[in-house]
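One structure below.
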Amino acid sequence: MSYKNITFPQNSIFLVTGGAGFIGSNLCEAILNLGYKVRCLDDLSTGKQSNIDLFINNPNYEFVKGDVKDLDTCIKACKDVDYVLHQAAWGSVPRSIEMPLFYSLNNIEGTLNMLEAARQNHVKKFVYASSSSVYGDEPNLPKKEGIEGNLLSPYAVSKRCDEEWAKQYTKHYGLDTYGMRYFNVFGRRQDPNGAYAAVIPKFIKQLLHGEKCKINGDGKQSRDFTYIENVIEANLKACLAPSSAAGQAFNIAYGGREFLIDIYYGLTKSLGIEAEPEFGQDRPGDIKHSNADISKAKQLLGYNPDWSFERGIAAAIEWYKANL
Ligand code: NAD
């Protein structure tokens, strides 16, 4: 079910950290479209000024340039806020293996600062980005909350620690926290550039520009690719979830399973391009298969995603064709 008829109390204020990034800017846009106020806190480390420029003339939008590693910044940003949607973090498994200390500071300390700031400001709900990487090497499919394996990267450690800290804030301070374990999100405004870009926007851009795409491994790895609209729905529904569901993390995915090689040929077909990929090494820290059991989010948050992979990829291709 779409989120477009969800209502919040009048004059509700949302804080979106990481709001200049891919998921955060889509959350800001959805909240503005629903008619509520949104404050975006972002240090622009991986986010883009263009994702702020989109909304800066909207009187319901406020941008604060700041770093979640700084507690005072977080406390000020949470003033008068009803709902926090905390997205600020650095992604990418391989980059986290190159810079573990930074991932600990940015992703764990940053989240802890935001939890503390939300507590001090009596925020109603704290919804935060976790990740499917917390399943580590757990081989069983579909992945189910409560059955996690050994963590495979500093990034996964950072997200697991965020979940543990959030649980503590629910348990000891009564802050309603909800962890969103996103599974490979894709859609409009996801950055196609750079060494750590996600595979779908990267392939679309490379194909449109006549460049060769490189698949790490044999292409037979599979993921539960999740369209951005489903992620927006999950975040907004978590803001209205009962306190009895707080202190937990939820799989946020579509519940499907796409193989990378099929995605590649699906993209070439949709774009009308004939090109073969190049195959490289498997990436360290990556798992072979991942797909989600979403029944917990359905049951406790009322999450009911209506954007299948096929519907989402068609929309994403259209967006990149118009915007690249
Ligand atoms: P993104 O890089 O597009 O956005 C992250 C935003 O956070 C950027 O705008 C960046 O500038 C900001 N940021 C980073 N560190 C900050 C700091 N210290 N202070 C303030 N702002 C900071 O990434 P995204 O794909 O939109 O991811 C959003 C969240 O979702 C992240 O927490 C990420 O780990 C998580 N996640 C994403 C996916 C996915 O498939 N995109 C999957 C699992 C989890």
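On a 0 to 90° scale, report how tilted helix 110-120 is relative to the longest principal axis of the chain, with both axes built from alpha carbons and the result rounded to the nearest 10.
So the inclination is approximately 30 degrees.
Counting only protein heavy atoms and using a 1.4 Å probe, what share of the accessible area of the chain belongs to carbon plus sulfur, as a whole percent? Walk me through the numbers before you get to the answer.
Working: 6900 of 13870 Å².
Solvent-exposed carbon and sulfur of the chain make up 50 percent of the total.
Using the Karplus curve 6.51 cos²θ - 1.76 cosθ + 1.60 with θ = phi - 60°, what ³J(HN,Hα) values do you get for each residue of segment 245-259, in whole Hz, with x for Gly and Pro?
9, 6, x, 10, 10, 10, 5, 10, 7, 9, x, x, 8, 10, 8
Enumerate the aspartates and glutamates that Lys205 could reach by cross-link, defined here as Cα to Cα under 14 Å, with residues fewer than 8 away along the same chain left out.
The reachable aspartates and glutamates, counting only those whose Cα sits under 14 Å from Lys205, are Asp191, Glu318.
I need the fraction of alpha carbon pairs in segment 59-127 separated by more than 18 Å, rounded to a whole percent. Before the final figure, lay out the partial values.
Numbers: 952 of 2346 pairs.
For segment 59-127, the fraction of Cα-Cα distances above 18 Å is 41 percent.
What are the ³J(HN,Hα) couplings of segment 179-187, residue after residue, when phi is run through the Karplus curve with 6.51, -1.76, 1.60 and θ = phi - 60°? Round to Hz, x for glycine and proline.
x, 9, 7, 5, 10, 5, 7, 9, x
Working from Cα positions, state the angle (0 to 90°, nearest 10) between the long axis of helix 260-271 and the longest principal axis of the chain.
80
Could you work out the local net charge near Ser96, counting Lys and Arg as +1, Asp and Glu as -1, over the other residues with Cβ closer than 14 Å to its Cβ? Write down the numbers at each step before the final one.
Working: positive: Arg95, Lys159, Arg160, Arg283; negative: Glu98, Asp162, Asp286.
Result for the neighbourhood of Ser96: +1.
Based on DSSP, what percent of beta bridges with both residues in the chain are antiparallel, to the nearest 5? It would help to have the intermediate numbers written out before the result.
Numbers: 2 of 39 bridges.
Antiparallel bridges: around 5 percent, rounded to the nearest 5.
Using the Karplus curve 6.51 cos²θ - 1.76 cosθ + 1.60 with θ = phi - 60°, what ³J(HN,Hα) values do you get for each residue of segment 157-169, in whole Hz, with x for Gly and Pro?
So the J values, rounded to whole Hz, are 4, 4, 6, 5, 4, 4, 4, 5, 5, 4, 4, 4, 5.
Starting from the Cα of Lys65, draw a straight line to each of the lysines and keep only those under 20 Å, dropping any in the same chain fewer than 8 residues away.
Within reach: Lys37, Lys48, Lys76, Lys79.
Distance between Cα centroids, segment 1-36 to segment 270-324: provide it in whole Å.
Here the answer is 22 Å between Cα centres.
Using a 1.4 angstrom probe, figure out how much accessible area the chain has per residue, in square angstrom, rounded to the nearest whole.
On the way: 13870 Å² over 324 residues.
Accessible surface, normalised per residue, equals 43 Å².
Projected onto the charge dipole of the chain (+1 at Lys/Arg Cβ, -1 at Asp/Glu Cβ, origin at the Cα centre), which of Leu151, Cys28, Thr17 gives the Cα projection farthest towards the positive end?
About the Cα centre, the residue reaching furthest to the positive side is Cys28.
Tell me the net charge near Glu310. Cut-off is 14 Å between Cβ atoms, Glu310 excluded, with +1 for each Lys or Arg and -1 for each Asp or Glu. Mind dumping the intermediate values first?
Details: positive: Arg257, Lys269, Arg311; negative: Asp224, Glu229, Glu258, Asp262, Asp306, Glu318.
Spelling it out: positives minus negatives among the neighbours equals -3.
P(r) tail for the chain, what percent of Cα pairs lie past 38 Å?
Details: 4819 of 52326 pairs.
When all Cα pairs of the chain are counted, 9 percent exceed 38 Å.
Sorted from largest down, give the three principal axis spans of the alpha carbons of segment 1-78, whole angstrom values.
Extents along the principal axes, in whole Å: 35, 25, 25.
The values are calculated or read from the model by the stated rules, or taken from the named source; none is laboratory data. Small disclaimer: the values here were computed from a predicted structure and weren't measured. Ideal geometry is used to build each Cβ from the backbone, glycine not excepted, and the neighbour counts take in all protein chains shown. Only protein heavy atoms, including side chains, enter the accessible area calculation; ligands, DNA and RNA are left aside. Shrake-Rupley method; radii C 1.70, N 1.55, O 1.52, S 1.80 Å.
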